[in-house]
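Step one of this worksheet: look at the structure below.
Derivation of every value follows stated rules applied to the coordinates shown; laboratory data play no part. The model shown is predicted, which means the values in this text are computed figures rather than measured ones. Ideal geometry is used to build each Cβ from the backbone, glycine not excepted, and the neighbour counts take in all protein chains shown.
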Amino acid sequence: MSHIKKQQGLSLVELMIAIVLGLILVAGVIELFVNNRQVYRVQDAQSRLQENGRYAIKILSQSIERAGYLGCATRSALNINNMLNTPNAYLWDITTPIEGQEATGADAWTPAKDASITNPVSGSDILTIRTIEPPELRVVSHPTTSPPGSADITVNSGHGLETGDIVLAHDCVAGAVFEITSAATADGILKHEQGGGTANTPGNTTAALGYDFGAGWVNKISTNSFFISNNPNNVPSLYRKTANDPVVELVEGIESIQLRYGVDTTGNGSTDTYQTANQVGNWNSVVSVRISLVMVSVENNLTVDGSQSYILEGVNVDPGDRRLRRVFTRTVTLRNRVS
């Protein structure tokens with residue numbers, strides 16, 4: 001009679017084989033997880049680049065399209081009187097709808113950047129757009145006086161304007177830029193007396209605006225400068241500076257903005273040549289802007305085979321890191337500067 005010997009356990013060899021097979025299985029699972037995690041990081045970064053790039057292009061395009069809009073006075077811009085003590089100051093020169101600075105070196109721009117633009121990153125251009133803000137406030141009363149336009153302007157109550165605001169009074173014939181020296185919200189009276197002014201506002205050379213705007217409108221002037229700066233997390237972002245207001249971060253993950261200006265050299269309202277800001281001789285001849293944005297991922301170590309190069313304005317750029325980048329380009333027409 002034979003006896004079947006029951007298994008009493010595992011041999012050392014069997015145990016070692018089982019451990020090796022388990023380690024191989026665990027390694028495979030870990031590698032699969034790591035690969036899936038990396039794919040997710042790359043896809044998420046690409047989605048953010050796409051979304052932020054489109055949004056930034058939209059913001060810049062809408063602002064450029066409104067450049068030089070002066071309400072009913074848009075087509076009669078040559079008849080605008082600037083009554084400010086510093087009419088050609090960067091923040092108030094409303095008859096120059098667009099202006100820019102070309103990055104020409106380390107912390108250097110040509111023409112020189114205005115003092116209101118602080119901490120822009122080197123190598124990135126600066127763009128300034130001038131226009132008027134909504135709403136258009138209908139003039140209720142502006143009595144005829146001598147000298148013309150020296151009377152107070154009355155608009156509807158609750159207008160939202162404040163003392164020190166720089167505004168444009170306009171109709172389809174003429175316009176006048178002035179500082180509000182007193183804004184009574186209850187009765188809608190806007191005073192524009194001679195003098196005034198503060199550390200941030202220029203004041204008026206005279207109370208006479210040179211024209212009576214009894215059938216016109218009043219709008220606040222808006223000067224918006226766009227540039228790239230590092231946010232508190234040290235991520236390069238698109239910022240906007242409006243007049244003397246604090247800067248506002250618009251979109252993060254924008255490493256550089258490069259601009260080319262379409263210049264009309266023949267006076268027919270069409271672009272004849274594209275120039276950098278330091279080449280533009282007359283900003284009122286600019287009729288379009290070509291924007292190139294270099295979007296960059298916030299996270300590093302996303303590319304597999306080293307640095308990801310890209311082409312910017314015909315030049316191949318190797319950034320030397322492993323972040324994702326994408327260039328967004330669009331050409332925008334200044335609607336108020338073409339026929």
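Distance from the Cα centroid of the range 220-290 to that of the range 60-102 is 14 Å (rounded to whole angstrom). Comparing S122, S61, S157 in a Gaussian network model of the chain (Cα springs below 10 Å), the most mobile by mean-square fluctuation is S157.
May I ask for the percentage of alpha-carbon pairs in the range 187-339 that lie more than 25 Å from each other? Value for the range 187-339 (Cα pairs over 25 Å): 55 percent. Just want to confirm a number: the relative contact order over the range 210-339, from Cα pairs under 8 angstrom separated by 6+ residues, in percent. For the range 210-339, the relative contact order is 18 percent.
Seen against the Cα atoms of the chain and their longest principal axis, helix 12-66 is set at about 10 degrees. Springs between Cα atoms under 10 Å define the GNM used for the chain, and in it the highest mean-square fluctuation of S47, S292, S270 occurs at S47. The calculated 222 nm mean residue ellipticity attributable to helices in the chain amounts to -6000 deg cm²/dmol, summing -39500 (n - 2.57) over DSSP H runs of n ≥ 4 and dividing by all residues.
Remark on the range 169-219: hydrodynamic radius 11.8 angstrom, per the Kirkwood mean of 1/r across alpha carbon pairs. Calculate the translational D of the range 261-334 in whole µm² s⁻¹ from Stokes-Einstein, where the hydrodynamic radius comes from the Kirkwood formula applied to all Cα pairs, the temperature is 37 °C and the viscosity 0.692 mPa s. Taking Rh from Cα pairs, D becomes 228 µm²/s.
Shown in residue order for the range 231-248 are the 3J(HN,Hα) couplings computed by the Karplus curve 6.51 cos²θ - 1.76 cosθ + 1.60 at θ = phi - 60°: 7, x, 8, 6, 9, x, 9, 7, 10, 10, 10, 9, 6, 9, 6, x, 5, 10 Hz (x for Gly and Pro). Counting neighbouring beta carbons within 10 Å and listing from fewest to most, the residues H159, H170 come out as H159, H170.
When the chain is described by a simple charge dipole with +1 on each Lys and Arg Cβ and -1 on each Asp and Glu Cβ, the residue from V121, Y261, N233 located farthest towards its positive end is N233.
Normalised by the number of residues in the chain, the average gap of Cα pairs under 8 Å and 6 or more apart makes the relative contact order 18 percent.
Basic side chains Lys and Arg get +1 at the Cβ, acidic Asp and Glu get -1 at the Cβ, and with that the dipole of the chain about its Cα centre reaches some 1200 debye.
Each principal axis of the Cα atoms in the range 117-179 has its own extent, and those three values, largest first, are 53, 26, 21 angstrom.
Farthest toward the positive end of the dipole of the range 46-337, out of V327, G71, H159, is the Cα of V327, where the dipole comes from beta carbon charges about the Cα centre. Considering only V304, V289, V235, give the residue with the highest GNM mean-square fluctuation for the chain, with springs between Cα atoms whenever their separation is below 10 Å. Highest fluctuation of the listed residues: V304. Pairwise Cα distances in the chain exceed 36 Å for 39 percent of all pairs.
For the chain, excluding the exposed loop sites themselves (trypsin sites (Lys or Arg not before Pro), DSSP loop, at most 11 other Cβ atoms within 10 Å), the longest remaining stretch covers 7-339.
Would any residue of the range 318-339 have its amide N under 18 Å from a label point 7 Å out along Cα→Cβ of S309? List them or say none. From the range 318-339, the list is 318-327.
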